Amino acid sequence: MLETEGIAPSALTPELAVELGRRLPVTPKSQIKIPNLARLFVARLIEMGVATRPPLTPAQAERAELLSI
């Protein structure tokens, strides 16, 4: 799907992975939740150094700061 969309693995973000995952067909009996799988896949790419974590938005930075207090 990344190749079809012209997206390099290094450009994949968790949000983009979830968006792409939601485009896949789902059946009521699906046990694998694609958005969750996509989020985990991107986290692993970031961990491996293939992709980088995007900078936090101002709202995310504020929330992170509040949680660390």
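Over the chain, what portion of Cα pair distances is larger than 15 Å, expressed as a whole percent? Each step should come with its number before you reach the end.
Values: 1430 of 2346 pairs.
Here the long-distance tail beyond 15 Å is 61 percent of all Cα pairs in the chain.
Charged neighbours of Lys33, selected by a Cβ distance under 11 Å, balance to +2 (K, R count +1; D, E count -1).
If you roll a 1.4 Å probe over the chain with all protein chains in place, what percent of the accessible area is carbon or sulfur?
Numbers: 3390 of 5630 Å².
Answer for the chain is 60 percent, counting heavy atoms of protein chains only.
Excluding ligands, DNA and RNA, the accessible surface per residue across the chain is 82 Å² with a 1.4 Å probe.
Relative to the longest principal axis of the Cα atoms of the chain, the long axis of helix 58-68 makes an angle of roughly 70 degrees.
Net charge near Glu47, counting Lys/Arg +1 and Asp/Glu -1 over other residues with Cβ under 15 Å of its Cβ?
+3
The values are calculated or read from the model by the stated rules, or taken from the named source; none is laboratory data. These figures come from a predicted structure and were not determined experimentally. Cβ atoms come from the backbone with ideal geometry, glycine included; neighbour counts cover every protein chain shown. Just the protein is used for accessible areas: all its heavy atoms, side chains included, with ligands, DNA and RNA removed. Shrake-Rupley method; radii C 1.70, N 1.55, O 1.52, S 1.80 Å.
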